[in-house]
Amino acid sequence: DGVTLLSDYKPYPYEIEKISLVFQLAPEATKVRATLAMTPRDGVADLHLDGEDLKLLGVALNGAPLAAEAYTLTTTGLTIAASALPEGAFELQTEVEIAPAKNTALEGLYMSNGMYCTQCEAEGFRKITFYPDRPDVMTRFHVRIESDLPVLLSNGNPVGQGAGFAEWDDPWPKPAYLFALVAGDLRATSGSFTTASGRKVDLNIWVRPGDEDRCDFALASLQRSMKWDEEAYGREYDLDLFNIVAVDDFNMGAMENKGLNIFNSKLVLASPETATDTDYERIEAVIAHEYFHNWTGNRITCRDWFQLCLKEGLTVYRDQSFTRDVRLGALKRIDDVAMLRARQFREDAGPLAHPPRPSSYREINNFYTATVYEKGAEVVGMLATLLGAEGYRKALDLYFERHDGQACTIEDWIKVFEDASGRDLGQFKLWYTQAGTPHLSVSEQFENGTYTLTFEQVTAPTPGEPEKPPRHIPTAVGLLGQNGDEVVPTQVLEMTKGRQSFTFTGLAAKPVPSILRGFSAPVVLERDTTPAEQAFLLAHDTDPFNRWEAGRNLARDTLMAMAQGATPAPDYLEAVGQMLADDAATPGFRAACLRLPGEDEIAAALAKKDVVPDPDAIRAARRGLMATLAQRHEAALVGAYEGSAVPGPYSPDAAPAGKRALRLAALALLSTLDQGRRASALYAEATNMTESIGALGLLVAQGAGQAELTAFAARWGADPLVMDKWRSVQAMLSPPETAVEVVTAIAESGAFEWKNPNRFRSLLGGFAANHAGFHRADGAGYALFADWLIKLDPLNPQTAARMSTAFETWRRYDATRQTHAKAALERIAGTQGLSRDLSEMVGRLLG
Ligand code: DPP
Ligand code: ZN
């Protein structure tokens, strides 16, 4: 029935010593000849090679053509009968023809703006040649590319080059999903890095002619990443060459192919005029992420795709640590948790909930999710918390030593932590195998100098998992005295039962607890507390995350109450004023505190309390609170706005970026009072994209900014990456009364290149983030979205399926909205010839 089960895993019956590939590139008819040196592992067995959309031109065994009776060809592959195979080693050769120019799914070998490129993870290699396309089959690749294009790249080291061809050899065995090929007219920005042991590595960032002046930051980011991985993990690079190529048509952010990373161009190209501070930060983080995969993913890979979080969770944890260390400090944790809640908690609370290591799937591309990535990273973070920094490093050293060159499982990973620490992590493993976000409620008691915290954990059922046993939850707690001094420094309480108490003795007075410091576990903390106590923590907590969290809780509770008709809580308004005035806090931190929770987050919080969220009331509450804050603190906000201007040439460093963030956060509030006067002025004078697009967004949110939108399009019309921002700002921020019409107008203008994933995501992804617009009561938002998913699906099922997560919250809303959303989903489900990707998603969404 098309379902793949973890429990069905079987090793592949053949070893492959090496593969040699010859590509004769042509847009409509590329020929691929593959020669596999194979040996049966355990006696001769039927030999299955995956293959899809391949035109078979010939099969030969040990140099002799294979008779047609010896093999069967289906739509999913080629099987050679055991009876046709020799006892020992043999050489199998296939030749196929493929059409990269017709490949709109952007999986396998395809074309983007005249260049050839590949994307093989997860199962794209089977669209290039017949091969056991599974991560546990690892071999050495030799590649010959024949083409007249000037730059011909593949994995590993260049071993031959001449007129119309290039040959590459990768000495490191790898699974097919890490294969890559690029051919085109490309220009390199080059540099080098010398490893700790003295190996000089040549580095190149390859882009299309004209984009060379936007590559310096990517190159410097790569050099920083290489250095950090040596220092933090003792990991050196292992080839003489590292290439990165920027591609305009790409389904994902980037791909860690061995020695030849391929990137979505939006995650490489940056200049002050065209990229925002956030773009710079993401470019650096993703370059680091893909580079770090060289050890966590490539040298040690996954046994099967159920283990995806083994490489992704760990590598996200590593890139988050990197960004914290080289750029953001404590602010990084705040940003990551905000993102985790917005995406992963949302996923965990809906019909798409799944464990970081799922046990079944129909289409693996549907499991490149926030749960596998971000929750996977949280689970690694909890292991680091439980073992401490030294214990964690010891475990990682053991992981690299024990498993280098292998395809591993979550069990292997846990075992390394058990062996390094002597602890039993059996219960901890539930984090990998179960879905859902635990809710942790806490109560307190103080008597005779003894303070007791009692925790209770409950996880709601998720699809297919009615019962939820208690998890092992590391809860970092510190206690503050009434004057704000820390009376008990942070310690990690390990909760393993459904209900559990922890005591602190010898206290002079009842303390104020700071619980779940640094967000030490991905749980929802529920605590009956007063606004006054939250305000106290916002003013005094020594843990920066919990300091921010206290303000966030106040803001969320205020907004939830306002969405149900209340007026804003005075404690919150007061606390914001104090925070604004705290010059000891960095501008970046103050900006993070000024930003209000998004509308979707408020809706989620209401739904959790069994209140049906009203998108229009939520929007009104949020805008109302912004205006109230602005009135109440106008002078301080004007001071923050004017005082955090950054003169001089643009630098993407954290300090100036933090100032710009504060400036824009203050401006967002002030714009509710001045009819956009300051935002218009900032737009006119801005010399960097952070401020241009920030100001433009504030204008659009007020239903204004027409002149600025026109000017922006006139200036940047020829730059599709910049115009993505123009589209997404309008789709995301236009008022709900006009958002559907605005998106429709852009979508139907001839200029919208919807087949390109970045263009599609900029508009439709932006619209999905427009909470009140997407969830418009008459269902027009749902209908528009469904139209576009249905249109994209036949061309690019992977991106269509991923975008369908816009619907994952539909059951939260009122009956009318639910009826409209369900109708839209059923219309998608009923579409003829729907892809496996999108039909799996819609099936689960309707579940
Ligand atoms: N390229 C994607 C990532 O790095 C999938 N491996 O996460
Ligand atoms: Zn990754």
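A short reminder: the numbers here are calculations on the coordinates, not readings from a lab. The model shown is predicted, which means the values in this text are computed figures rather than measured ones. Using ideal geometry, Cβ is built from the backbone for each residue, glycine included, and neighbour counts are taken over all protein chains shown.
What shape does the stretch 703-756 take by its C-alpha gyration tensor, where a ≥ b ≥ c are the square roots of the eigenvalues and a/c under 1.5 counts as rounded, a/b above b/c as prolate, and the rest as oblate?
oblate
Net charge near Ala681: determine it from the other residues with C-beta under 13 Å of the C-beta of Ala681, scoring Lys and Arg +1 and Asp and Glu -1.
In short, -2.
Using a 7 Å offset from the Cα along the Cα-to-Cβ direction at both Glu642 and Arg811, what is the distance between the two label points in nm, to one decimal?
About 5.4 nm, to one decimal.
Glu17 to Glu447: FRET efficiency via 1/(1 + (r/R0)^6), r the Cβ-Cβ distance, R0 56 Å, to the nearest 0.05?
Result of the calculation: an efficiency of 0.20.
Over the chain, calculate the relative contact order: mean separation of alpha carbon pairs under 8 Å at least 6 apart, over the residue count, as a percent.
8 percent
Sort the following peptides by mean Cβ neighbour count (other Cβ atoms within 10 Å, averaged over residues), highest first: 704-716, 829-841.
829-841, 704-716
Please list 363-373, 786-796 highest first by mean number of surrounding beta-carbon atoms within 10 Å per residue.
With the highest mean Cβ count within 10 Å placed first, the list reads 363-373, 786-796.
So for the pair Ala81, Arg393, with labels modelled 7 Å out along Cα→Cβ, what separation do we get in nm?
6.1 nm
Non-local amide H neighbours of Ala254 (under 5 Å, H modeled in plane, Pro and chain starts lacking H): which ones?
Hits under the 5 Å cutoff: Asn264.
When Lys and Arg each count +1 and Asp and Glu each count -1, what net charge do the other residues less than 12 Å away from Thr409, Cβ to Cβ, add up to?
Neighbourhood net charge equals +1.
What distance in nm separates the two pseudo spin-label positions at Ala539 and Glu486, each 7 Å out from Cα along the beta-carbon direction?
Output for this residue pair reads 2.0 nm.
What lysines does Lys102 reach when the alpha-carbon gap must be under 24 Å and sequence neighbours fewer than 8 apart in one chain are set aside?
Lys31, Lys55, Lys127, Lys266, Lys755, Lys791
From largest to smallest, what semi-axes in whole angstrom does the chain give when each is the square root of 5 times an eigenvalue of its alpha carbon gyration tensor?
Semi-axes from the Cα gyration tensor: 45, 32, 27 Å.
Alpha carbon centre of the stretch 538-559 versus the stretch 799-847: separation in Å?
So the two Cα centres are separated by 36 Å.
For Ala627 and Lys791, what does the FRET efficiency come to when R0 = 45 Å and r is the distance between their Cβ atoms, rounded to the nearest 0.05?
My answer for the efficiency is 0.70.
Can you tell me which of 814-825, 129-140, 101-112 comes out highest on packing, and rank the rest after it, using the mean Cβ neighbours within 10 Å?
By packing density, highest mean first, the sequence is 129-140, 101-112, 814-825.
From the square roots a ≥ b ≥ c of the eigenvalues of the alpha-carbon gyration tensor of the stretch 301-433, which class results: rounded (a/c under 1.5), prolate (a/b over b/c), or oblate?
oblate
Once you have the Cα-Cα distance between Thr505 and Leu56, take 0.36 nm times their residue separation minus that, and quote the gain in nm to one decimal.
154.1 nm
Please rank Cys309, Cys117, fewest neighbouring Cβ atoms within 10 Å first, as an exposure proxy.
Least crowded to most crowded, the residues run Cys117, Cys309.
With a ≥ b ≥ c taken as the square roots of the eigenvalues of the C-alpha gyration tensor of the stretch 713-819, please select rounded if a/c is under 1.5 and otherwise prolate if a/b is larger than b/c or oblate if it is not?
It comes out oblate by the Cα gyration axes.
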